[in-house]
Amino acid sequence: MKELLLYMAQNLVDNPDQVTVTEIPGDETVLELRVAPEDMGKVIGRQGRIAKEIRTIIKSVAQRKGERVSVEIVD
């Protein structure tokens with residue numbers, strides 16, 4: 001999951017070298033996505049549409065693997 005989120009985020013932003021994903025294990029794994037401040041809008045999108053789609057893709061893949069994963073975009 002971490003690699004998939006990293007790949008998607010790096011392809012959306014202008015500064016792919018500043019994208020980091022931190023995995024926090026638990027009952028539901030949390031993936032914290034950090035990007036450069038000027039790229040925040042590109043990851044969130046208008047009215048949060050891109051962020052919602054990123055979360056949908058990650059949850060869908062996780063569900064196929066029998067895992068529970070959520071995505072948090074951190075500034």
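Structure above, values below:
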{"read-out": "Considering residues of the stretch 3-27 that are among the charged types (D, E, K, R) and at pLDDT 95 or above only, the residue nearest to residue 69 (Cα to Cα)", "value": "23"}
{"read-out": "Residue count, the stretch 20-66 (criterion: out of contact with any Lys or Arg (no Cβ under 8 Å at 6 or more places or on another chain), acidic (Asp, Glu) and without any contact (Cβ under 8 Å) to a residue 24 or more places away in the chain)", "value": "1"}
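The values are calculated or read from the model by the stated rules, or taken from the named source; none is laboratory data. Not measured: the values here are computed from a predicted model. We place every Cβ from the backbone using ideal geometry, glycine too, and count neighbours over all the protein chains shown.
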